[in-house]
Every structure is written in structure tokens, then in C-alpha cells.
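We did not get these values from a lab; they are worked out from the coordinates using the rules stated. On a predicted model such as this, the values are computed, not experimentally measured, just so you know. Glycine also receives a Cβ, built like all others from the backbone with ideal geometry; neighbour counts cover every protein chain displayed.
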Amino acid sequence: IQMTQSPSSLSASPGDRVTITCRSSQTIEKSLNWYLQRPGRAPSLLIYAATNTQSGVSPRFRGSGSGTDFTLTISGLQIEDFGTYYCQQAYSGPPTFGLGTRVETK
Amino acid sequence: EAQLVESGGGVVRPGGSLRLSCAASGFIFGDSGMSWVRQVPGKGLEWVAGINWNGGSKGYVESVKGRFTISRDNAEKSLHLQMNSLKAEDTALYYCVKGTSSNWFEHWGQGALVTVSS
């Protein structure tokens, strides 16, 4: 299953609302996870099963969608939110990731 | 707090072998499916292999089948990846991850760098 993220990069300022989309090549129901990789760090889980916020993650991160189209929304971007965001499907076959969305400072 | 610490990375010639290990702590390792995920520096993420809680079920990405073997030792709380017949395209940072192909990757180690070069 191929995962397509858009945009591939974006520039934003602290306080902005940011939306990242992820589309799968076939339906994956709600088996979609989101990760943030800060520069020089390992990825960290933000959202699992499309809409569930991981324990310890700020509620400003919100996941939505099902089927083939998914969205990650960040409400009120913080300095620590800059980095690369990845979506990942866990529906079938080998888990696959999107190519990432790099969120940079405007 | 869950912690995963990889070891065993290094430089190896094409065709060579390397064994990665991961020491787990801070969670019930014996109840947890585990995986290896790799990342070419500056590039995206690729799931490499996964193993269920008791080692009875294993899975691999197509490109490493027959060359890599994932294993675990629940008594030692450790995960391993035996990598044989290494190729230049296996060069990457290898992350030890709590989670399997059917759910999500909840905790990540800091990674072990594997460089395959002559």
C-alpha cells in the first residue's frame, strides 16, 4: 500500500494552524498513524488509529479521516513542533510510510 | 519510562554480516511485539522486520527476505537483527521499535548506524 503525503514541505510561524494530508492507494479503514521526527532525533508517535492522541502528546495535534484520506491538524504551532511528519499505514502487508512533510520556520 | 538502546552498528564490506541488538527496559518486553525500522540519512522511514511477543511470528520487507533474521530473547529483554549478505543499499540508521506491523510504533530507540561500503 502506497502512502502519499502533501505538501512535501511547508513554512509556518509559531501560532499558525497547520494541516497535513495523507492518502493511501487503497482503503485502510482507520489503520493510520502519525509521527513527528525532530531534527537529529528518532521519530515519536503522535496519533494512532487515525484519531487517537498518544499519551503525553499535546491536544493541539488532531487526526481525522478514514478509508483513503487522512488529515493531521496542528492548532497553534509551537517551536518544538518543527520537524518532519510521517504518516504510516498498519492495515495490511508490510507497514508503509509516507515520504514525509517537512515543517519549517517561516 | 520505556527505553530502547541499540548496539552493534558499524562499517562492513558488501557481502558481509552484522548483528544488531536492542536492550529494552521500562515496559513488559515479553508481552510486546517488536520491529526494526530503518532510515537512510536524510530520507524516509522503512519498516524492515517485525516479531510477535513470543517469536512465533516474524515478517520482513521483501528486499531483506532471506538475508536478515529477526529474533528475541524475552529472558534478556533483548531484540536482535542478524544481517547477512549486506548490500550498499542496506546503509541506514536502524531503529529498534516497540510495535508490530498490525498496530503502531509506540517507542523508538536512538538508532544504530550501519554503513555498507568497500
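Putting +1 on Lys and Arg Cβ atoms and -1 on Asp and Glu Cβ atoms, find which of B:VAL48, B:SER78, B:VAL11 reaches farthest to the positive end of the dipole of chain B.
B:VAL11
Would you mind estimating how fast the range A:1-49 diffuses translationally, via Stokes-Einstein at 4 °C and 1.567 mPa s with the Kirkwood radius over Cα pairs, in µm²/s?
Details: Rh = 12.8 Å.
Estimated via Stokes-Einstein, D reaches 101 µm²/s.
Given a Förster distance of 25 Å, report the FRET efficiency between A:GLU104 and A:SER75 from their Cβ-Cβ distance, rounded to the nearest 0.05. Intermediate results must be reported in sequence, preceding the final value.
On the way: r = 18 Å, r/R0 = 0.74.
Efficiency for this residue pair is about 0.85.
Where the only charges are on Cβ atoms (+1 Lys, Arg; -1 Asp, Glu), what is the dipole of chain A about its Cα centre, to the nearest 20 debye?
Working: 9 positive and 6 negative charges, 17 e Å.
For this selection, approximately 80 debye.
Rounded to two decimals, what ratio of Rg to Rh does the range B:1-97 give with C-alpha atoms and a Kirkwood Rh?
On the way: Rg = 13.0 Å, Rh = 13.7 Å.
Radius of gyration relative to Kirkwood radius: 0.95.
Rg (Å, one decimal) plus Dmax (Å, integer) for the alpha carbons of chain A?
12.7, 38
From the cross-link list A:LYS30/B:LYS77; A:LYS106/B:LYS43; B:LYS43/B:LYS87; A:LYS30/B:LYS87; A:LYS30/B:LYS98, which pairs have alpha carbons spaced over 29 Å apart?
Values: A:LYS30/B:LYS77 31 Å; A:LYS106/B:LYS43 22 Å; B:LYS43/B:LYS87 18 Å; A:LYS30/B:LYS87 36 Å; A:LYS30/B:LYS98 20 Å.
From A:LYS30/B:LYS77; A:LYS106/B:LYS43; B:LYS43/B:LYS87; A:LYS30/B:LYS87; A:LYS30/B:LYS98, over 29 Å: A:LYS30/B:LYS77; A:LYS30/B:LYS87.
Pairs of Cα atoms under 8 Å, at least six residues apart: use those to get the relative contact order of chain B, whole percent. Mind showing how you got there, number by number?
Working: 295 pairs, mean separation 42.6, N = 118.
Contact order relative to length: 36 percent.
So which trypsin sites (Lys or Arg not before Pro) in the range B:27-88 are both in a DSSP loop and have at most 14 other Cβ atoms within 10 Å of their Cβ?
Values: sites: B:ARG38, B:LYS43, B:LYS58, B:LYS65, B:ARG67, B:ARG72, B:LYS77, B:LYS87; in loops: B:LYS43, B:LYS65, B:ARG67, B:LYS77, B:LYS87.
Sparse-neighbourhood loop trypsin sites (Lys or Arg not before Pro): B:LYS43, B:LYS65, B:LYS87.
Output the relative contact order of chain A, whole-number percent, from Cα pairs under 8 angstrom with separation of 6+ residues.
Values: 276 pairs, mean separation 40.9, N = 106.
That works out to 39 percent.
I'd like the mean, over residues of B:28-41, of how many other protein chain beta carbons sit within 10 Å of each residue's own Cβ.
Details: counts 0, 0, 0, 0, 0, 0, 0, 1, 0, 5, 0, 5, 0, 0.
Rounded to a whole number, the mean comes out at 1.
Treat the protein assembly as shown as a sphere of radius equal to its Kirkwood radius over Cα pairs and apply Stokes-Einstein at 25 °C in a medium of 0.890 mPa s; give the translational diffusion coefficient in µm²/s, rounded to a whole number.
Details: Rh = 17.8 Å.
For the chosen part, D equals 138 µm²/s.
What is the dipole size for the range B:1-65, taken about its Cα centre, with +1 at each Lys and Arg Cβ and -1 at each Asp and Glu Cβ, in debye to the nearest 20? Can you show the working numbers first?
On the way: 6 positive and 5 negative charges, 69 e Å.
Computed charge dipole of the range B:1-65: roughly 340 debye.
Of the residues B:PHE27, B:PHE68, B:PHE105, which exhibits the maximal mean-square fluctuation in a Gaussian network model of chain B defined by a 10 Å Cα contact cut-off?
Ranking B:PHE27, B:PHE68, B:PHE105 by mean-square fluctuation puts B:PHE27 first.
With +1 assigned to the C-beta of every Lys and Arg and -1 to the C-beta of every Asp and Glu, and no other charges, what is the dipole magnitude of chain B about the Cα centre in debye, to the nearest 20? Can you show the working numbers first?
Working: 11 positive and 10 negative charges, 71 e Å.
It comes to approximately 340 debye.
Report, in cubic angstrom per residue, the convex hull volume of the C-alpha atoms of the range B:14-69.
On the way: hull volume 6.5 nm³, N = 56.
So the per-residue hull volume is 116 Å³.
What GluC sites (Glu not before Pro) does the range B:35-106 have in DSSP loop regions with at most 15 other beta carbons within 10 Å?
Passing sites in the range B:35-106 are B:GLU76.
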